[in-house]
Every structure is written in structure tokens, then in C-alpha cells.
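Asker: Sharing a structure here in C-alpha cells format.
Readers should treat all values here as calculations from the given coordinates under stated rules, not as data from a laboratory. Bear in mind that the values here come from a model prediction, so they are computed numbers and not experimental data. Every residue, glycine as well, gets a Cβ built from its backbone with ideal geometry; the counts of neighbours run over all protein chains shown.
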Amino acid sequence: MKFFTHPSIAFIIAFVAVGVSITSTIVFGKPENLKIVLLVNALVFVVLYVFAYIVLKDFVIKKITPIYKTIYNMSAVRSKLRTVPRSGDIVERVNREVAQWAEEQTKEISRLSAMEQFRKEFLGNVSHELKTPSFAIQGQLLTLLDGGLEDPSINRKYVESCERNIERLISLVDELETINKLETGETILHKTSFNLIILVEEIFAACEIVSEKKNIRLYMQRPATGRIMVYADRQRIAQVLTNLIGNSINYGREGGETEVLFSDMHDHVLVEVKDNGIGIAEDHCSRIFERFYRVDKHRSREHGGSGLGLAIVKHIIDAHGETINVKSKLNVGTVFAFTLEKSK
């Protein structure tokens, strides 16, 4: 196939034309004029070849130009479209570039399909999360309006339930707003130097009632100096630790423990939140930081989780330019580990 290019075709045209001319001269002409005829025909061959080559090349380029316009998405006028390479094997080169373009378009279509699937899942999840508390509020309010408001055995109970569901809705909206700001870079981090030990102590104190109810021991590795100074947004890191420690307690075993450990990494600190709880299956670990992704949907909703907590954690750590990962094994436990910059 490579033989049939415009130089080859030009040669064939010139060769055939000259061949016909020479043959007719030999058959019908005089032999003594053969040398002159051959010389003239050689000159004609060269002229015909150059002429055919130029015409065919121009023809090929004109035919290929619209393809170039398509694959490079150009909108120039016709006179400016002649950007096709005019040297080498044009057809082979264009064929290669079209194949490359087709591959890129296939990848782009796959990416857009994945985004569309993600959008559908996201909207479905948001819809479900909003419907659950909304329907609960609606049902309870209708019960109150149908006479329950005058019944002291249920009126306060239903009003308090409505308040909890409204708080859940507000929390969901706030978390969605937080993720959106983190993703679009609208959130400005207010970095300061602070003692990580004190921050963990504060979070332990806030989680103490829940941990005591489940008989889960909270433990922190304390350095001899009692100080681990880091440079980060204290409020956001508190949000990260609250989520990780809270999850560790919620999904921990009765009588288990949650540990916060620290490792020196030169100019960074590695923070680990470790538990000996129910663990996470390996195939779930790669998706654990996705929005609305739940390993156990039933248990997550029992604890009032929206499925956004770990997504927010990941975005906060990413915004700091740091990394977070998870290691887990079913019925053994889970370790979330992230890095923070040391305070200079």
C-alpha cells in the first residue's frame, strides 16, 4: 500500500505516456530518428513527472486539508488551511495523526462518560440524602397537625425529631458547600503554628462521652517534650481529626481502642489514627474518599453519616499539599495516615 503515493503515481503516469510515445515512434517512425526521439521523450518524461507530481500533490493536500481541519479543530478560512505537511509521505503521516486523534477522542469520550456516570450517581445520592430527613419531617409535622400537637405523649418527641432532621439537612448542605469550595479553590487556608498534642487532647475530650458509652479507650502517643508543632490550618486539621477519630469510635468494637500516633519525617510529621475495629474490605479502600461512598450504607446512616466526611478530609489534606492514605483489614482494624508540615 505504501507504494501507491503521489510520487509513485506521477512516475507511472509519466512512464506510461512516454512509453506510448516511444512505442508509436518505433512502430510508425523512422529508425534513424530514434536517438532524437528517445532524447525528446526523456525530456518529456521529466516534464510530465514534475507536472503530475505537483498536480497530484496539490490534489492530495486539498483532499487532506479538511481532515486536518477536523482533527485540529481549526476554523481558519480556506486560504489559511494549508498547514498540511508538504514533505515526506503525506498520506502515511496523516493516517498516523488521524489514528492518534481517534485514540485521543476515544479517551475523551471515556472520560466524559465516566464524568456523566459520576454526575448521575452524585445527583442520585444528594437526592436520597435530602429525601430521607425531608420525608421524616413531613410525616411528623402531618401527625402533629392531625391532632398530635395536643397529645403530650408525642408532641415534644416529634418536634425534637424534626429538629434533628433539620440539623441533618443543614449539615448536609454545609458539607456540600465545604467540598465545593475546597474543589474550586475558594477555601483560603489560615495556616498558623500550633501544638498538635493539645489539639488531639481537645478532640479526645469532645469524643469522651461516645467512647465511654462503647467502652473504647482513647490513646495518644505523647513525646517527652509534650509538643509537636506543625504549620497548618488548625480549624481544618481539627475537622480532619474529629472525623477520623469519630469514625474510629463509631465503627470500633465494644471494648476496643483508638490510637493517635506520630512519626518524625524530617520536615514533616506523620499522623496515624489507628483502631482495632471491624475494618474495611480491600476493594473498598480505593474508593473510601469518594463523595457519598459508604462501605456499609445501613450502619453509616445509623450513625447519622452523610458519606461526605472522608471526602472532606481528603480535600483538606490535599489543600495543604499533603497526602492521606488508608490501610485496613476486615476484623483486624484500620489505619488512616496523613502528613503535616513541621513548624519552622
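Asker: Within the set of other residues whose C-beta is less than 13 Å from the C-beta of Ser193, count the net charge using Lys and Arg as +1 and Asp and Glu as -1.
Answerer: Within the 13 Å Cβ shell, the charges total +3.
Asker: Let me ask another. Can you sort Ile312, Ile198 from fewest to most other Cβ atoms within 10 Å of each residue's own Cβ?
Answerer: Sorted ascending by nearby Cβ count, the order is Ile198, Ile312.
Asker: Rounding to the nearest 20 debye, state how big the charge dipole of the stretch 178-226 is about its Cα centre with +1 on each Lys and Arg Cβ and -1 on each Asp and Glu Cβ.
Answerer: 160
Asker: For a quick check: sort Lys329, Lys107 by the number of other beta carbons within 10 angstrom, fewest at the front.
Answerer: Lys107, Lys329
Asker: With only alpha-carbon pairs counted, each pair once and no self-pairs, how large is the Kirkwood hydrodynamic radius of the stretch 191-341 in angstroms?
Answerer: This gives a value of 15.6 Å.
Asker: Next question, about the same structure. In what sequence do Ser153, Ser343 fall when counting other Cβ within 10 Å, fewest first?
Answerer: Ser153, Ser343
Asker: Ok, one more. For Glu257, what residues show an amide H to amide H distance below 5 Å, using hydrogens built from the backbone and excluding near sequence neighbours?
Answerer: Arg217, Asn276
Asker: Further question: Distances over 24 Å make up what percent of all Cα-Cα pairs in the stretch 160-276?
Answerer: Of all Cα-Cα distances in the stretch 160-276, 39 percent exceed 24 Å.
Asker: May I ask which of Lys214/Lys342; Lys157/Lys181; Lys157/Lys214; Lys214/Lys327; Lys131/Lys274; Lys107/Lys327 have a Cα-Cα span longer than 28 Å here?
Answerer: Lys214/Lys342; Lys157/Lys181; Lys131/Lys274; Lys107/Lys327
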